[in-house]
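Asker: Quick one: the structure is below, and I'll ask about it shortly.
Computed from the coordinates by the stated procedures, all read-outs in this text should not be read as laboratory data. Note that the coordinates shown come from a computational prediction; the quantities given were computed from them, not determined experimentally. Because the Cβ atoms are built from the backbone with ideal geometry, glycine has one as well, and the counts that use them run over all protein chains shown.
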Amino acid sequence: MWIFSTIASKRAVVTLILGLALAGAGMCLAGDTTPVNIKKLGTIDIDLVETTPVVFNNKVYRFEYVRQNYWNNKTGDSYFRFIDHETGKATNSFARGYHLGSAAVDGSQVIVTAVNIWDGDKIDVFVSRDLKNWESWNALTLPGYGMFNTSLCKAGEDYVLMFEVGKPPEIAGSPFTARFAKSNDLKTWTLTPPECTYDKSRYTAPHCLRYFEGHYYNFFLEAVKDGYEQYVVRSKDLIHWEPSPLNPVLKASDEDKLIHNPNLTPEQRKRVAEANNINNSDFDYCEFQGALVINYSWGNQQGVEHLAEARYEGTEAAFLKALFP
């Protein structure tokens, strides 16, 4: 079974009102709507941006890319780790010096994809069956490319990797843009045709890829007039994309500054309260016990960032269907 990777006293409800006319099915009266509720729970950490919640061995973990400037990183280098969502306990770190990682679970395998340097030309794969011992190898080496975030999903028998490119201009267009590769064994990867992309015409930084009932879903960061918002588009062929009529999926709000981690220090809470917030980005989620555990970041999109958690009371199928009524 493929488990997608790719969870305050006050809980804010971001309600996306769907114009879902079910009268033809006799399910609601004229004018009724079906809301999709993402509950923002609040901030859980600072200086953490790219994270992925996953379910492994029937437990929720949060994969974290710990940057060099993370407040509690004393190693002098970047690394990856998993956090037990229930206890907060961290696994041993791995992949020292790697960046912008993303995690997924396929049966008994935990899979992490990452770049070796920001704006570099290599993406590597890490695989473990126990979150302790890791194998790794190169997935893609693309001379001349500048690559950043990655996200992995499974479509039938194929693993599909979405990766963010900033160059070359003929591939990226207006940075940052999604490109795709496929593999049936995680080791031999083939780039999809160059028309498989989203979207070279403007800033559309990709972060989270899912596949459901014949459609790929790309959750990406859209630059808007006053900041950055989380949008979603879907496609059957990675070429032609349909935007959700409910975009944005998430946007900056006061509820981002709720405190969901009681262990934040007074100084950290002060920073949260005073932070400039123009951004909701790096959206990712997993399904656990009939609900979605969601992580995203907020901040000024210029280095002062915070990690937050949200929740959707429903399955992944219900969530994706609701976004495209």
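Asker: Report which label in (i) 18.1, 53; (ii) 22.3, 92; (iii) 18.9, 61 holds the value of Rg and Dmax of the Cα atoms in Å derived from the coordinates of this structure.
Answerer: Among (i) 18.1, 53; (ii) 22.3, 92; (iii) 18.9, 61, the one derived from this structure is (iii).
Asker: Lys and Arg at +1, Asp and Glu at -1: add these up for the other residues within a Cβ distance under 9 Å of Asn218 and post the number. Working shown, then result.
Answerer: On the way: positive: Arg210, Arg234; negative: none.
That sum, taken over residues with Cβ under 9 Å, equals +2.
Asker: For the pairs Lys39/Lys132; Lys59/Lys132; Lys40/Lys257; Lys200/Lys225, flag any whose C-alpha to C-alpha distance is greater than 21 Å.
Answerer: Values: Lys39/Lys132 33 Å; Lys59/Lys132 16 Å; Lys40/Lys257 10 Å; Lys200/Lys225 19 Å.
Result: Lys39/Lys132 exceed 21 Å.
Asker: Taking only DSSP H segments of four or more residues, each worth -39500 (n - 2.57), what value at 222 nm results for the chain once the sum is divided by all its residues, to the nearest 500 deg cm²/dmol?
Answerer: Details: 3 runs with 21 residues, N = 325.
After summing the helix terms and dividing by residue count, I get -1500 deg cm²/dmol.
Asker: Cβ under 15 Å from Trp241's Cβ, Trp241 left aside: what net charge do those residues give with Lys, Arg +1 and Asp, Glu -1?
Answerer: For residues surrounding Trp241, the net value is +1.
Asker: OK, next. Each residue of the stretch 66-74 in order: what ³J(HN,Hα) in whole Hz does its phi give by Karplus 6.51 cos²θ - 1.76 cosθ + 1.60, θ = phi - 60°, with x for Gly and Pro?
Answerer: 8, 7, 4, 8, 4, 4, 10, 9, 9
Asker: Where does the charge balance sit around Thr204 when Lys and Arg score +1, Asp and Glu -1, over other residues with C-beta under 11 Å from its C-beta?
Answerer: Within the 11 Å Cβ shell, the charges total -1.
Asker: Please enumerate, by chain and number, the aspartates and glutamates with C-alpha under 20 Å from the C-alpha of Lys89, excluding those fewer than 8 residues away in the same chain.
Answerer: Asp45, Asp47, Glu50, Glu64, Asp130, Glu309
Asker: Right, next: Leaving out same-chain residues fewer than 8 places away, which lysines sit with a Cα under 19 Å from that of Lys154?
Answerer: Cα-Cα hits under 19 Å: Lys182, Lys187, Lys236, Lys321.
Asker: So, one more: Once phi is turned into θ = phi - 60°, what whole-Hz ³J(HN,Hα) does the Karplus curve with 6.51, -1.76 and 1.60 give for every residue of the stretch 103-111, x standing for Gly and Pro?
Answerer: 3J(HN,Hα) across the stretch 103-111, in whole Hz: 10, 8, 10, 10, x, 8, 9, 9, 10.
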